[in-house]
Amino acid sequence: MRVSLFDFDLPEGRIATHPASPRESAKLLHITPDALNDKQVSDLPSLLSAGDVLVLNNTRVIPARLYGTRGEVKIELLLHKPLPNGDWTVFARPAKRLKPGDIITIADNLAAEVIDKTPSGEVIIRWQTDDLVAALEKHGHMPLPPYIERADEAADKQDYQTCYAEHNGSVAAPTAGLHYTPELLDTIRARGVTIVYVTLHVGGGTFLPVKAEDTEDHHMHSEWGEVTAEVADAVNHAAGRVIAVGTTSLRLLESAADEQGVLHPFCDETDIFITPGYRFKCVDCLMTNFHLPKSTLFMLVSAFAGLERVQSAYQHAIDNHYRFYSYGDACFLERQDG
């Protein structure tokens, strides 16, 4: 499909730079095949029924943006993903100034050696520290998306993290989950909804623009995910609907499901790319934020609910002053079959 089909105009003032407070006060657009209904995230329990299974991504965002120097040159690093040997691929600025053997100094106890560059322009680095996690917590910055044009603040360490984050590994938040609070989760459970957790570590590639003119020519970055046997069993025996919270949860579930819709345990990389025409195997409903024009996430949502329906919903959101992107409002979509 032509990538231009997924373009739309968004007024600059619609981009959220801070989250709603409290979290569940954010707007929620309920998108059905026949109607658009304006609600709040606090109304979400009323959209759920006993027997439904709600699937959340419990990845934890690491402070993945770092500022350092190579000699006199200032270098910005955004971690992308770890490699099996302990090295990391990163997005570096300016990458053209780096070559193998260069040392990037972040702090007295944190430096990295440039090992190589990938064909897609990422830089492979090897850390020179005994405890990377502790070093990142001390010297790293929360990796706010590039369209939030401000420096990270102290509040972002909590705001850009779900309340149920558990496993370190993401360099971008699973943003639909940012709307949840422990109290909202308790209310959902009280309705007889089963809540389960999968893990998909979101890579920096989620923000890369689609440069191809046709979706067939776009290459997706892979991300590591895990679905346990217990979660697979809960989803397979759901008495109601399977509801993915976030495109990350949906992509992982669809990666782990077979053609008959049976979910299997999964622990691997996935580079699934979902565009209109895809037949969904496992997920019935999706809660997600509003996404960038021409992005793979907007394509996924269009596949799930229908391109024309999603275009209409986005225009409704723009006209009614919904807040867009990572810190913005959300929508709850019912799958369009056929």
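The values are calculated or read from the model by the stated rules, or taken from the named source; none is laboratory data. Treat the numbers as computed from the prediction; the structure is a model and nothing was measured. Cβ placement follows ideal geometry from the backbone for every residue including glycine, while neighbour counts extend to all protein chains displayed.
Of the conditions (1) under 20 Å from the mean Cα position of the chain (by Cα); (2) farther than 20 Å from Phe290 by Cα; (3) surrounded by 15 or more Cβ atoms within 10 Å (Cβ to Cβ), Asn168 clears all except one; give me its number.
That leaves (3) as the condition not met.
Of everything in the stretch 308-338, what is aliphatic (A, V, I, L, M), assigned to a helix (DSSP H, G or I) and under 29 Å from Gly51 (Cα atoms)? Give them in sequence order.
Once the filter is applied, which keeps residues that are aliphatic (A, V, I, L, M), assigned to a helix (DSSP H, G or I) and under 29 Å from Gly51 (Cα atoms), the stretch 308-338 yields Val310, Ala313.
Going by what's in this entry, would Thr270 be described as of a type in the set (S, T, N, Q), within 17 Å of the chain's Cα centre (by Cα) and surrounded by fewer than 24 Cβ atoms within 10 Å (Cβ to Cβ)?
yes
Looking at the stretch 51-69 only, could you name the residues that are over 22 Å from Ala151 (Cβ atoms) and either at pLDDT below 95 or not in a loop (DSSP other than H, G, I, E, B) (or both)?
Matches in the stretch 51-69: Val53, Leu54, Val55, Leu56, Asn57, Thr59.
One line per residue, one yes/no per condition, for (1) under 30 Å from Val235 (Cβ atoms); (2) free of Cβ contacts under 8 Å to residues at least 40 places away in the same chain:
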| site | (1), (2) |
| --- | --- |
| Leu36 | yes, no |
| Gln40 | yes, yes |
| Val53 | yes, no |
| Lys74 | no, yes |
| Lys81 | yes, no |
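Out of Lys96, Lys39, which single residue is assigned by TED's automatic domain parsing to the domain that holds Asn168 and of a type in the set (Lys, Arg)?
Every option except Lys39 fails the conditions.
Provide a single number: the residues in the stretch 99-133 that are part of a loop (DSSP other than H, G, I, E, B), acidic (Asp, Glu) and free of Cβ contacts under 8 Å to residues at least 24 places away in the same chain.
The number of residues fulfilling the criteria is 3.
Surrounded by fewer than 13 Cβ atoms within 10 Å (Cβ to Cβ), under 26 Å from Pro293 (Cα atoms) and either at pLDDT 95 or above or out of contact with any strand residue (DSSP E or B) (no Cβ under 7 Å at 6 or more places or on another chain) (or both) - does that describe any residue in the stretch 100-112?
Checked against the condition, which is being surrounded by fewer than 13 Cβ atoms within 10 Å (Cβ to Cβ), under 26 Å from Pro293 (Cα atoms) and either at pLDDT 95 or above or out of contact with any strand residue (DSSP E or B) (no Cβ under 7 Å at 6 or more places or on another chain) (or both), the stretch 100-112 yields no hits at all.
Failed condition for Val196, given (1) surrounded by fewer than 24 Cβ atoms within 10 Å (Cβ to Cβ); (2) not in a strand (DSSP E or B), with all others met?
(2)
Of all the residues that make up the stretch 199-229, how many are small (Gly, Ala, Ser) and in a loop (DSSP other than H, G, I, E, B)?
Residues meeting the conditions: 3.
Does the stretch 250-260 include one or more residues that are part of a strand (DSSP E or B), assigned by TED's automatic domain parsing to the domain that holds Tyr322 and at pLDDT 95 or above?
For the stretch 250-260, residues part of a strand (DSSP E or B), assigned by TED's automatic domain parsing to the domain that holds Tyr322 and at pLDDT 95 or above: present.
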